[in-house]
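The values are calculated or read from the model by the stated rules, or taken from the named source; none is laboratory data. All values reported here derive from a predicted model rather than from experimental measurement. Here the Cβ positions follow ideal geometry from the backbone for every residue, glycine too, while neighbour counts run over all protein chains shown.
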Amino acid sequence: MREIIYIQAGSFANYTGTHFWNTQESYFTYDGEDEPIVNHDLSFEEGRSPQNQPTLCPRLLAFDHKSHFGTLAKTNEADLATNASLDTTWRGAVSRETQDPIPQSEYHARLESNMEEGDDLEHQDPKIRYWSDYSRVYLDQKSIQAIPDALESTEAEWSIGQGLFRRYDEVLLLFLRLIASEMIMQETELMDGAFRLLVENCDNFQGLQMMHDTSTFGGFSHAFMTSFRDEFLKASVLNFSFLSGADPNHAGIDNSFDTKRLVNDALCLQSLHQLSDIAFPILHPSRWSTLESTLSQGLAYDRNNLYHTSAVVSSLMETATLPLRLKDSQDDIATIADHLNWRKSSRFGQLGGIVSLPVPATTSMFTNLHCNLSTGVPNTDDLAVFARQNVTRGLLHQDLTAFNAWCDMSSLREPLVSSIYAPAYPVPTSFPSIFRHTRPRSLRMTSSLLTAPSTSIQLTGYAKFVEQTARTRRSDGALMSMGLESDDVKELVTALWEIVDGYGHEGEDLVSSDKIDEGDD
């Protein structure tokens, strides 16, 4: 078996991950007659439900700020344990203030009321306060990795994120147990504790599938992956990174906050290139304006609603990575990375597809409706693609004819392009009501992972911005607050241009790098 351990770090990553795991839950079969299409053991292990009953739980570490876990947070128990330890040393009066428990989510209340599948649960979005509000799977206690809220506002603080990981790894409150009416705290390290337990529960661990928010968990994720690589040098890492909303092509050096976010994004890209086998940067939903014409064909989502946008991303990501989990599939993270990065210099890829395919499908639809979440610009010229892996879901005979005709329009041929055909994408009741027409029970859709020269366009934007930042002293304050010195930024610029060069030139005017001088503007 080739088990995968999943890492989610940040709010958007966990919103997306919750949709992902709900989809995995929908593949479960209970009547003993139908065979599941996926191998659940690759992504699930035996764990415990809140009622301490054995159940299947994701092989997952979910990092987020404590206040974002909702009903999963164990704040009350932790506070009681701390107070109990104080009682043993303090002989004076003790005043306790406990936070009211977070009420059950509207979605979970509906589920417990045994509503039928056709009830309002499928037609009206429940009120979502946290990503845990619509989860359909049980998370084992070791999966819940709550980060102190005191650092929540330190967005784009690269060095603070790394320091936070080191402190969190050294002394981590993993779980609390109530034994003989006495609260006992058990402390352990992250990498030698919760993560080690996940690895030891694998028969043949292949690597990580990771999602993280660059703005809030960029430095943290870099430190985590560095620690992981120190011990698991040969394990594979597949990464989906959610970029900040700052656009390197339309940001000003004088905007300190945008400067920090963009430099932080660039540091994350450098980290991903060093530590991942293959990585797919995803544009922030605020930058999806160029995708509206394609996504709006069958969807009516709110770009400012995490519950909505994470469902769009998750459906494409889950479909694109489905070959990793399909029964009898020979694909693993390493083979997908080798296929897409056969040039050995294209470690960044692109994620795209069609979330809801109209009926009937035509050849032109696969071109006109294909959205690209990594660049915001579709690859209309398949001559400029290094490699592509397509996954289709629920396509009918007529759809497949049109899809194959679309594929034939490209110059790519096997083994540079591959297509996998799978059953339709299930739409759990937890999926938001973002469809323009009747809510479907399943989706006919396509998803693609690809590598292409056009990736250099986005990377060039970051390289140019950081290069400009390194030239002006007006950015010194922002960089110093991130724990960066002038030499660090210059090294980052050099690294970014080297990554850009690995994709070749889409045009001589796209990539040009002048030597960085030390003068200011």
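Sort through 334, 320 and tell me the only one that's surrounded by 22 or more Cβ atoms within 10 Å (Cβ to Cβ) and under 22 Å from residue 4 (Cα atoms).
Numbers: 334 fails: surrounded by 22 or more Cβ atoms within 10 Å (Cβ to Cβ).
Residue meeting the stated conditions: 320.
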The one condition residue 220 fails out of (1) free of Cβ contacts under 8 Å to residues at least 40 places away in the same chain; (2) surrounded by 24 or more Cβ atoms within 10 Å (Cβ to Cβ) is (1)
May I ask you to list pairs of residues, at least six apart or on different chains, whose Cβ atoms are under 6 Å apart, with the first in the stretch 188-211 being closer than 12 Å to residue 142 by Cβ and surrounded by 15 or more Cβ atoms within 10 Å (Cβ to Cβ) and the second being of a type in the set (Phe, Trp, Tyr) and modelled with pLDDT of 95 or more? 199/205
Among residues of the stretch 154-188, those that are of a type outside the set (S, T, N, Q) and at pLDDT below 70, counted: 15
Return yes or no: is residue 198 over 25 Å from residue 341 (Cβ atoms) and either out of contact with any Gly (no Cβ under 6 Å at 6 or more places or on another chain) or not in a helix (DSSP H, G or I) (or both)? yes
Could you tell me whether any residue of the stretch 398-408 is touching a residue at least 12 places away in the same chain (Cβ under 8 Å) and assigned to a loop (DSSP other than H, G, I, E, B)? no
Condition broken by residue 314, with the remaining ones in (1) more than 24 Å from residue 268 (Cβ to Cβ); (2) part of a helix (DSSP H, G or I); (3) among the hydroxyl-bearing types (Ser, Thr, Tyr) satisfied: (1)
Being in contact with a strand residue (DSSP E or B) (Cβ under 7 Å, 6 or more places away or on another chain) and at pLDDT 95 or above narrows it down to one of 452, 424, so name that one. 424
Does residue 463 satisfy the condition of being touching a Ser or Thr at 6+ places or on another chain (Cβ under 8 Å), at pLDDT 95 or above and at negative phi? yes
Whether any residue in the stretch 259-267 is surrounded by fewer than 22 Cβ atoms within 10 Å (Cβ to Cβ) and either out of contact with any Cys (no Cβ under 7 Å at 6 or more places or on another chain) or of a type outside the set (D, E, K, R) (or both) is what I want to check. no
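Could you grab me the full set of residues in the stretch 250-274 that are among the charged types (D, E, K, R) and either in a helix (DSSP H, G or I) or within 14 Å of residue 459 (Cβ to Cβ) (or both)? Step through it out loud before you land on a result.
First pass over the stretch 250-274, keeping only residues among the charged types (D, E, K, R): 254, 258, 260-261, 265.
Passing the criteria: 258, 260, 261, 265.
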Surrounded by fewer than 18 Cβ atoms within 10 Å (Cβ to Cβ) and either among the aliphatic types (A, V, I, L, M) or within 29 Å of residue 273 (Cβ to Cβ) (or both) - does that describe any residue in the stretch 423-444? yes
Evaluate the following for residue 512: is it small (Gly, Ala, Ser), at pLDDT 85 or above and over 24 Å from the mean Cα position of the chain (by Cα)? no
Members of the stretch 202-242 found to be more than 18 Å from residue 166 (Cα to Cα) and among the basic types (Lys, Arg), listed by number: 234
Selection over the stretch 445-503 where residues are part of a helix (DSSP H, G or I) and either of a type outside the set (Asp, Glu) or buried (at least 18 other Cβ atoms within 10 Å of the Cβ) (or both) yields a count of 36
What's the total number of residues in the stretch 325-361 that are under 16 Å from residue 421 (Cβ atoms) and of a type outside the set (Val, Ile, Thr)? 10
From the set of residues in the stretch 317-355 that are without any contact (Cβ under 8 Å) to a residue 24 or more places away in the chain and in a helix (DSSP H, G or I), which is nearest to residue 503 (Cα to Cα)? 338
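Residues 372, 379: which one is within 17 Å of the chain's Cα centre (by Cα), modelled with pLDDT under 95, over 23 Å from residue 275 (Cα atoms) and not aromatic (Phe, Trp, Tyr)? Please lay out each step first, then the result.
On the way: 379 fails: within 17 Å of the chain's Cα centre (by Cα).
So the residue among 372, 379 that is within 17 Å of the chain's Cα centre (by Cα), modelled with pLDDT under 95, over 23 Å from residue 275 (Cα atoms) and not aromatic (Phe, Trp, Tyr) is 372.
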Inside the stretch 380-401, can you point out the residues that are more than 18 Å from residue 351 (Cβ to Cβ) and surrounded by fewer than 19 Cβ atoms within 10 Å (Cβ to Cβ)? 381, 383, 394, 396, 397, 398, 400, 401
